[in-house]
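The values are calculated or read from the model by the stated rules, or taken from the named source; none is laboratory data. The model shown is predicted, which means the values in this text are computed figures rather than measured ones. Neighbour counts are summed over all protein chains in view; Cβ atoms, including those assigned to glycine, are modelled from backbone coordinates with ideal geometry. These accessible areas exclude ligands, DNA and RNA; they are computed on the full protein's heavy atoms, side chains included. Shrake-Rupley method; radii C 1.70, N 1.55, O 1.52, S 1.80 Å.
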Amino acid sequence: INANVSQAKPYKAFCVFEQPLDGSHWRHLQLFDKRVDGVPASQLVVRAVTAVGNYDYVTQFSFGLAGGVRVGFEFAGYMETRWFSPDTTPFERPLGEVVRTNLAAPLHSHFGCFKVDLDASPAGESFELTTITSGVKQDSGVPNPHRWATKYVVREYPSVEGVNSSTFAPSAAKPTVWAVVDNAHAAAATAPSGKPGYSISLGPTVLQTLPAEHPFVKATAFSKYPLAIARRKEEEPRPSSVYDLFGPGEPVTSLDSFLDGEGIVQTDLVAWVTLGKEHLPRTEDLPLISNFGTHFDLLPHNRFPVNAALSRPKRQPAERN
């Protein structure tokens with residue numbers, strides 16, 4: 001091994017391909033003639049594989065016909081394991097799973113942080129937080145003679161970055177829609193009211209469970225926030241540093257330092273999106289784990305006048321016998 005780049009060997013770490021899917025981008029059964037229209041689903045995939053010790057991290061960007069992008073994060077490889085003895089190391093049992101005689105596989109976390117710079121508008125961007133709630137709308141003009149509760153949305157536009165003010169986590173009990181939009185977009189009274197931009201939708205993910213003062217959490221501050229919105233800066237290209245591996249309690253780079261109270265209204269924004277998975281091993285993960293992972297979606301949000309996939313040729317309906 002040496003530093004002579006002329007002796008470097010090429011490594012095919014990326015691939016690009018079109019992937020047919022088993023569904024449709026859109027479909028509909030006509031009520032009267034029972035004919036089905038639709039567009040077969042397919043996507044353009046850019047896939048990269050990074051080998052980090054015992055794990056392979058598979059990062060995939062899938063571009064759909066309707067203008068959306070799915071960012072996938074998948075884990076493969078083999079588990080880290082430790083020797084186990086019920087007499088000598090009984091403490092291993094609550095720390096993970098004993099997967100074979102004298103073989104313990106510890107519980108561990110996988111976190112990946114993605115820098116999403118959408119450039120939704122040349123006029124700058126704002127973050128739109130839409131909360132879905134319900135209640136009786138008082139004096140709103142909504143017809144409601146029986147005074148039943150109804151669902152409605154509350155839209156907010158945070159003005160400054162900061163922990164809790166521009167950091168967000170999904171909640172099944174309090175559904176929200178996150179979007180980076182052009183809030184200066186002015187529409188006519190009869191035009192659609194939505195602000196154009198892109199929404200950010202997370203797949204299955206977890207929060208950091210270690211306390212904030214833990215050295216590992218200080219070195220990976222991004223693991224505390226599934227989504228953090230900050231003003232874009234050239235000097236903040238990534239949320240952590242390789243040097244933090246050697247001094248995690250005093251990190252060189254921290255996402256927390258990016259959230260320093262600057263304004264985030266109609267300016268160039270960055271969404272720091274973190275995906276997390278807890279891996280509790282099982283016997284079926286031997287000798288190689290069954291690949292698993294998660295994802296998030298970037299979707300056009302009031303950006304096109306209609307479903308963009310409608311421009312694709314429709315599948316010809318099959319003849320009915």
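Tabulated data
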{"quantity": "Pairs with Cβ under 8 Å, 6+ apart, first in region 29-53 and more than 30 Å from V16 (Cβ to Cβ), second acidic (D, E)", "calculated": "Q30/D37"}
{"quantity": "Residues of region 46-85 satisfying the condition of being more than 15 Å from the chain's Cα centre (by Cα), of a type in the set (A, V, I, L, M) and within 18 Å of F111 (Cα to Cα)", "calculated": "A48, V49, A51, V52, A76, M79"}
{"quantity": "Residue match in region 168-177 (condition: buried (at least 16 other Cβ atoms within 10 Å of the Cβ) and of a type in the set (S, T, Y))", "calculated": "yes"}
{"quantity": "Filter result for S201 (out of contact with any helix residue (DSSP H, G or I) (no Cβ under 6 Å at 6 or more places or on another chain), among the polar types (S, T, N, Q) and assigned to a strand (DSSP E or B))", "calculated": "yes"}
{"quantity": "Residue in region 79-103 that is farthest from P237 (Cα to Cα), counting only those that are surrounded by 15 or more Cβ atoms within 10 Å (Cβ to Cβ) and touching a residue at least 60 places away in the same chain (Cβ under 8 Å)", "calculated": "V99"}
{"quantity": "Single unsatisfied condition, G77 versus (1) in contact with a Ser or Thr (Cβ under 7 Å, 6 or more places away or on another chain); (2) at pLDDT below 95; (3) at positive phi", "calculated": "(1)"}
{"quantity": "Complete set of residues in region 1-59 that are of a type in the set (S, T, Y) and at pLDDT 90 or above", "calculated": "S42, Y55, Y57, T59"}
{"quantity": "Any hit, region 52-72, residues being assigned to a helix (DSSP H, G or I) and not hydrophobic (A, V, I, L, M, F, W, C)", "calculated": "no"}
{"quantity": "Region 104-116 residues that are aromatic (F, W, Y), paired with ones that are open to solvent by less than 30 Å² (accessible area, probe 1.4 Å) (beta carbon under 7 Å, 6 or more apart)", "calculated": "F111/S223; F111/T274; F111/G276; F114/V71; F114/V273"}
{"quantity": "Scan of region 139-167 for residues that are open to solvent by 100 Å² or more (accessible area, probe 1.4 Å) and closer than 19 Å to E128 by Cα, ordered by number", "calculated": "K151, R155, N164"}
{"quantity": "Residue ranges of strands (runs of 3 or more DSSP E) in region 86-173 with at least 2 members at pLDDT 95 or above and under 22 Å from the mean Cα position of the chain (by Cα)", "calculated": "108-116, 126-135"}
{"quantity": "Total residues in region 245-277, condition over 29 Å from L118 (Cβ atoms) and either at pLDDT 95 or above or open to solvent by 50 Å² or more (accessible area, probe 1.4 Å) (or both)", "calculated": "3"}
{"quantity": "Number of the condition not met by V242 [criteria: (1) at positive phi; (2) open to solvent by 50 Å² or more (accessible area, probe 1.4 Å); (3) of a type outside the set (D, E, K, R)]", "calculated": "(1)"}
{"quantity": "Residue in region 22-31 that is out of contact with any Lys or Arg (no Cβ under 8 Å at 6 or more places or on another chain), within 30 Å of E80 (Cα to Cα), among the basic types (K, R) and surrounded by 14 or more Cβ atoms within 10 Å (Cβ to Cβ) present", "calculated": "no"}
